[in-house]
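Worksheet for the structure shown next.
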Amino acid sequence: MKKDFRYYVIFYLFGLWLMVNIFTPAMAGDKLRVVTSTADLASIAAAVGGDQVEVFAIAKGYQDPHFVDAKPSYMIKLQKADLFIQVGLDLEIGWVPLLLDGARNSNILPGGNGFLDASVGVPLLQVPTGDPATLRAQGDIHAAGNPHFWLDPRRGKQVADNIYRALSRLQPEHEARFKANCDDFKRRIDQKTAEWQQRMQPYRGTRIVAFHNSWPYFEEFTGLNIVDFVEPKPGIPPTPKHLVRVIGHMQEQDVRIIIISPYYSKKSSELIASKTGAQLVELATSVEAYPEIRSYFDLFDYNVGKMLEAFATAGIQPTNPSE
């Protein structure tokens with residue numbers, strides 16, 4: 001009898017644990033459970049939410065955010081989440097819908113109170129026009145615009161505003177705290193942006209080549225000039241004929257820098273670099289791409305530093321030395 005009673009107690013306590021940890025939404029004063037598609041969004045969410053949020057990023061900083069395995073463990077995270085934040089613009093179209101469907105959490109589905117598309121209100125680049133079928137034939141083209149907007153810290157401020165509003169919607173009693181954190185984040189972004197742009201100013205207009213079309217926002221922010229791509233079309237591997245064309249283009253324009261993300265094969269880029277004498281620079285596309293990049297601010301410290309090192313190694317002289 002005593003043994004049976006112990007089983008009842010254990011079963012009862014387990015039921016309470018399920019109610020508290022799985023079936024019960026976040027109560028006033030509890031930390032909000034935030035899941036983001038990328039580490040960049042997680043860093044901004046942590047800055048805005050402060051000690052009122054627990055944040056988990058699905059895609060690792062060294063992964064291509066276009067292609068992430070929809071693991072059951074991620075579905076469990078999403079099942080318990082109060083807020084889900086995605087980059088949007090179809091960046092995660094191949095895996096986020098699968099995870100959201102498997103999580104069975106209606107609150108974080110598009111249109112739900114706990115869903116946020118971080119691209120809302122962000123000024124977008126490379127918004128294509130024309131027939132969708134024609135666009136698809138041009139490679140990895142995003143119909144709503146280039147989705148790599150977080151690589152311009154100025155646009156990160158709009159993301160912070162979006163997150164502030166989403167958190168305040170879920171916990172209005174902490175709106176003042178979220179607003180103060182958001183304002184502080186944007187103030188620090190403005191300060192660091194002035195520093196980053198001042199460091200890059202002497203090299204504005206410097207011609208470079210990129211492997212993939214991930215960098216238009218970074219290009220605009222830094223004033224660099226991407227004149228060609230190793231890929232003939234986004235997501236399409238280069239042919240020998242295309243590589244010969246890129247090599248000739250770089251030699252004609254004296255291009256000495258090739259930038260690439262950490263998750264792409266370097267084989268084609270290294271071949272071009274060997275034929276042109278260019279520097280191949282591996283930039284971070286996300287927070288935590290490398291151990292030293294632990295925050296959104298670290299991301300730009302790292303990339304600006306890497307570019308300046310590459311300019312010096314390649315013997316590139318400042319184009320605006322007086323500035």
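Each other residue within a Cβ distance under 12 Å of V68 adds +1 if Lys or Arg and -1 if Asp or Glu, for a net charge of -1.
Extension gain, E175 to A312: 0.36 nm times the residue separation minus the Cα-Cα distance gives 44.7 nm. Remark: spin-label model distance N107-R204 equals 4.7 nm, labels positioned 7 Å along the Cα→Cβ axis. Cβ crowding within 10 Å ranks T239, T285 as T239, T285, fewest other Cβ atoms first. The value for region 231-280 of Rg(Cα) / (2.2 N^0.38 Å) is 1.06. The helix-based estimate of mean residue ellipticity at 222 nm for the chain, built from -39,500 (n - 2.57) per DSSP H run of four or more residues and divided by its residue count, is -14000 deg cm²/dmol to the nearest 500. Between K60 and Q253, residue separation times 0.36 nm minus the direct Cα-Cα distance comes to 65.9 nm. Sorting H148, H249, H174 from the fewest to the most surrounding beta carbons within 10 angstrom yields H249, H174, H148. Along its first, second and third principal axes, ordered by size, region 38-172 spans 45, 34, 29 Å in Cα coordinates.
Summarising the label geometry, the points placed 7 Å from Cα in the beta-carbon direction at E270 and I93 lie 3.3 nm from one another. Between R294 and F67, residue separation times 0.36 nm minus the direct Cα-Cα distance comes to 79.5 nm. Normalised radius of gyration (Cα atoms, divided by 2.2 N^0.38 Å) for the chain: 1.15.
Read the figures in this text as sums done on the coordinates, not as results from a lab. The model shown is predicted, which means the values in this text are computed figures rather than measured ones. Reconstructed Cβ throughout: ideal geometry from the backbone, glycine too, with neighbour counts over all protein chains shown.
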